[in-house]
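Worksheet: one structure, shown below.
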Amino acid sequence: MLQILCLALFGLLTGVQADPGALLRLGMDIMNHEVQRAMEESHILEKMAAEAGKKRPGVKPIKGLSNMKVKDVITPVITLNFVPGVGIFQCVATGMTITGKSFTGANMEIIVVLNITATNRFLQDEETGLPKFKSEGCEITLVSVKTNLPSNKVISKFLDSTLHKVLPGLMCPAIDAVLVYVNERWASLNQPMPVGHMGTVRYALASTPTTTASHVQVDFSPLVQQQTGQTIPLTDPEEALELPEDYGEGSSQLFLSAAFLTAELGLLQKSLDVKIQDKLIGALPPQTTETLADFLPEVAEIYPKPKPLVTQIKITKSPKVTMKSGKSLLHLHGTLEMFAAQRGKHPVSLFLLEVHFNQRIQYSVHENRLQLATSLDRLLSLSRGSSSVGNFNEKELTDFITDYLHEAYTPVVNDVLQVGLPLPDLLAINYDLAELDIAENALVLDLKA
Ligand SMILES: *[C@@H]1O[C@H](CO)[C@@H](O)[C@H](O)[C@H]1NC(C)=O
């Protein structure tokens, strides 16, 4: 019932296909589920049956058949097939009992089993830019016809011509009506979805969806916008998405590129700046100048009496997500400045360090939002900016800073990441069921219908 249209134009473009920020492959599992659901929720065949007896303007009554009613509609069995470049071929196998009075005046009952077939072309709506299916070439094929009338040539001719007149008008609108249900479920796609209070993501289509022999493919060029309205562009066009093909036949996947996740985390950059002034943090020793003096003896000379430490961390570059098969990292560049707190006075800056470190990312999906949890992977570089405690060698601080980032800063990062990242809202896909996999430059969500 879904029909997919692939423009000839697209064929010309495939060679230079821009790498999308996100890509959705809808296999037969999701499509079947979707059409089945639309058919059930719409109760469409029953509605058509109920309509059958009513007089409708413009519809001529059938000669020789009066009081027509339709009952006992058989639960439809729907079969879908992808038509490459076009959309989805749909066959609805069903049946029903038609009652009425025949031209002889006799009460007539016809039990008919039939197939409704149509091609659902997949298009992009010109007005809304949303994908939509449109049915074409609806046909009714009679599988069997049984009747209580005596079987003779006149009767069978009558039945045949009557059914061929009645059934398409009765059943084909059902196909369109079901598509309305399916199409509705793409409508939210255009809505910007919030990432906390920091901004929004909108999954705009990059091009008209295409159909292959095994799936419908939807390319997104997501729009990441700060609350101020500024767009964060997706960078790294050189890092092409390599899409693994080794997923089960008929299965569906969502691919999110590292570049796209990087742009989304750009929204959170400011939230990653913090001032930490707790004396007790996780498993760390009390944060005072005395503790620091274990690593930098100079500090003990300047502060013979221990003073509490205050730390300010600022992320100075946009956070960057990288992915290599099985491992994803969040790169953070920034400054870490340590102060000695003074009673009644401004804290005094001890030193400022330029830091670059990695957080290892674990992905999961909760309530249809992508959740990231991180742990410190490695402190990659440490260099001294300013210092009020002399020219120390910053390497002396490697262990201290590593432990500090692990115990004090990782919880801050994870807290900020808790907002979760929105996933494309369409066909009521339940992303919570997905299996996640880190591929080359992309996160793969293997979807379950
Ligand atoms: C009707 O549809 C069923 C299920 O798709 C198929 O097996 C059968 O061959 C079809 N019959 C006709 C007459 O088209």
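Each reported figure results from applying straightforward, stated rules to the coordinates on display, with no laboratory input. What you are looking at is a predicted structure, and each value in this text was computed from that prediction instead of being measured. Note that each Cβ is placed from the backbone with ideal geometry, even for glycine, and that neighbours are counted across all protein chains shown.
Here are a few things to note about the model shown:
- Choice from P194, P209, P304 showing the highest fluctuation, given a GNM over the chain with Cα pairs closer than 10 Å: P304
- Top of G129, G420, G344 by mean-square fluctuation, Gaussian network on the chain, Cα under 10 Å: G344
- Near I111, once Lys and Arg are set to +1 and Asp and Glu to -1 for all other residues with Cβ below 12 Å from its Cβ, the sum equals 0.
- For region 316-391 versus region 412-440, the gap between their alpha-carbon centres in whole angstrom: 23 Å
- Loop-located trypsin sites (Lys or Arg not before Pro) in region 319-375 whose Cβ has at most 16 other Cβ within 10 Å (DSSP): R343
- Using a Förster distance of 60 Å, the FRET efficiency for E126-R384 (Cβ separation, nearest 0.05): 0.50
- Relative contact order of region 22-186, pairs being alpha-carbon contacts under 8 Å that are 6 or more residues apart, as %: 21 percent
- Neighbour cut-off at most 11 other Cβ (10 Å), DSSP loop, GluC sites (Glu not before Pro), region 351-430: E367
- Relative contact order of the chain, defined on C-alpha pairs under 8 angstrom at six or more residues apart (%): 16 percent
- Cβ-placed point charges (K, R +1; D, E -1), dipole of region 193-447 about Cα centre in debye, nearest 20: 1260 debye
- Sparse-neighbour loop sites [GluC sites (Glu not before Pro); region 201-301; at most 11 other C-beta within 10 Å; DSSP]: E238, E245, E249
- Over region 345-449, relative contact order from alpha-carbon pairs under 8 Å, at least 6 apart, %: 28 percent
- Most mobile listed residue (E40, E126, E337) in the chain, GNM with C-alpha springs under 10 Å: E126
- Dipole in debye (nearest 20) - the chain, about Cα centre, beta carbon charges: Lys, Arg +1; Asp, Glu -1: 2160 debye
- Comparing M28, P347, F158 along the charge dipole axis of the chain, the residue lying farthest to the positive side is F158, per the Cβ-charge model.
- Estimated inter-spin distance, D294 and A106, nm [label 7 Å along Cα→Cβ]: 10.2 nm
- Separation in nanometres of the label points that stand 7 Å from Cα toward Cβ, at V77 and S188: 3.3 nm
- Selection from L329, T410, G420 lying farthest towards where the dipole of the chain points positive, charges on Cβ: G420
- Between S375 and S156, the modelled label-to-label distance comes to 7.6 nm, taking each label 7 Å out from Cα in the direction of the beta carbon.
- Evaluated with a Cβ-only charge set (Lys, Arg +1; Asp, Glu -1), region 22-186 carries a dipole of roughly 860 debye about its Cα centre, given to the nearest 20.
- For region 147-218, the alpha carbon positions stretch 75, 28, 16 Å along the principal axes, listed from largest to smallest.
- Based on the Kirkwood approach, the hydrodynamic radius assigned to the chain is 26.4 Å, with every pair of different Cα atoms included.
- With helices as the sole contributors, the chain gives -6500 deg cm²/dmol at 222 nm; each DSSP H run of n ≥ 4 counts as -39500 (n - 2.57), and the sum is divided by every residue.
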